[in-house]
Amino acid sequence: MRENQIAPETMICRSEALLFNNLGNDIVMMDIEQGSYYGLEGTAARIWEFTEAPVTVGSLCDRLMSEYEVSPEQCRQEVAVFLDDLLSRKIVQIVDQTKS
């Protein structure tokens, strides 16, 4: 298993390569290049909503903790694992903060 590359200061945003649609509270996505379909629901769909614009993982966790009863440690850990999976699938991307 590869090392988790997500830290609180990591800035992420959605990949522009995906097409997506809201179906009620769920999100359905399609990667045309890969021919892959994905579905997100619940907290995962909320994370997708929060990544519309670049956001730090720490800020994303703060927003989630204001909506859900979860400890800061558990939130950071579970969000990092989830975002790492999304990164590996190219659903989100890390924003290079050194570029202006």
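Here are some notes:
- Top-ranked residue of region 28-51 - restricted to ones that are of a type in the set (D, E, K, R) and touching a strand residue (DSSP E or B) at 6+ places or on another chain (Cβ under 7 Å), ranked as farthest from Leu18 (Cα to Cα): Glu41
- Taking (1) surrounded by 12 or more Cβ atoms within 10 Å (Cβ to Cβ); (2) farther than 23 Å from Asn22 by Cα in turn, Gln97 satisfies each apart from (1).
- Extreme residue, surrounded by the fewest Cβ atoms within 10 Å (Cβ to Cβ), among residues of region 43-71 that are within 11 Å of the chain's Cα centre (by Cα) and among the charged types (D, E, K, R): Glu52
- Given (1) at pLDDT 90 or above; (2) touching a helix residue (DSSP H, G or I) at 6+ places or on another chain (Cβ under 6 Å), number of the condition Glu9 does not satisfy: (2)
- For region 61-100, a residue qualifies if it is touching a strand residue (DSSP E or B) at 6+ places or on another chain (Cβ under 8 Å), aliphatic (A, V, I, L, M) and not in a loop (DSSP other than H, G, I, E, B), and the qualifying residues are Leu83, Leu86, Leu87, Val92, Ile94.
The values are calculated or read from the model by the stated rules, or taken from the named source; none is laboratory data. Source: prediction; values computed, not measured. As a convention, Cβ positions derive from the backbone with ideal geometry for all residues, glycine included, and neighbour counts pool all protein chains shown.
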